[in-house]
Amino acid sequence: MKNNSQLQFINFPVNETAVLKKAALSALKFEKVKNYNINFIMVSDAQIKKLNIKYRKVRRITDVISFLVVPQNFAGDVYISRGRSQKNAKKYGNTWRQELAYLVIHGVLHLCGYTDYDPKNKTEMFAKQDKIFKCLFF
C-alpha cells in the first residue's frame, strides 16, 4: 500500500522547516500515526485571535490552534502564531526554532485527540510533548 502522507509548512522561515518536519514526524511516530496530511500555517496574532473567537469562542491570542479536518485520513491544519511563538521563546528560554518545534509537536498531539483544557489532560499532554521535544533537542 502506497503512503501518500504529506506535511506542508506555510509562511514559516524556510531555514526552519527541516527541524519542524522532524518534530512533526517524531510526534506522529510517537503516536503511531502512519498516514497523514497536515498543513502547518504560520499566522499573525490578529489572525489566530480571529480563529480563536470563531471556533473556540475565546477572545484572546493563543500560540497554536489545531483542526482535524478529515479524521479518517488524519488530515488537518495547525495554525501557529508568529508573534506569540516569538514571545513564548523568550519567556521559556528557548530559541524561536525550539519554540516552533514545541508548538508543532503540541499541534500534532491536539490532532491526535489530546487536550490541555483541564489539569489532568494538560499534565498528560505536556508530559508527552516534553518527552518528544527532549528527544529532538537534548
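Counting only residues that are among the charged types (D, E, K, R) and touching a residue at least 40 places away in the same chain (Cβ under 8 Å), how many does segment 37-79 have?
Looking only at that region, the number is 1.
Count, please, the residues in segment 71-96 that happen to be under 20 Å from I38 (Cα atoms) and either at pLDDT 90 or above or surrounded by 14 or more Cβ atoms within 10 Å (Cβ to Cβ) (or both).
Result for segment 71-96: 10.
Is at least one residue of segment 37-55 in contact with a Lys or Arg (Cβ under 9 Å, 6 or more places away or on another chain), modelled with pLDDT under 95 and closer than 25 Å to C135 by Cβ?
No, every residue in segment 37-55 fails to be in contact with a Lys or Arg (Cβ under 9 Å, 6 or more places away or on another chain), modelled with pLDDT under 95 and closer than 25 Å to C135 by Cβ.
Which of the residues that make up segment 110-138 are buried (at least 22 other Cβ atoms within 10 Å of the Cβ) and over 23 Å from V14 (Cα atoms)?
Correct list: L111, Q129.
Can you pull out the residues in segment 80-118 that are more than 15 Å from L136 (Cβ to Cβ), charged (D, E, K, R) and without any contact (Cβ under 8 Å) to a residue 24 or more places away in the chain?
Residues satisfying the conditions are K87, K90, K91, D116, D118.
Considering only segment 15-68, state which residues are among the basic types (K, R) and under 18 Å from Y114 (Cα atoms).
K29, K32, K34, R56
The values are calculated or read from the model by the stated rules, or taken from the named source; none is laboratory data. As the structure is a computational prediction, the values presented were derived from the model and not from experiment. Methodologically, a virtual Cβ is constructed for each residue, glycine included, from the backbone with ideal geometry; neighbour enumeration extends over all protein chains shown.
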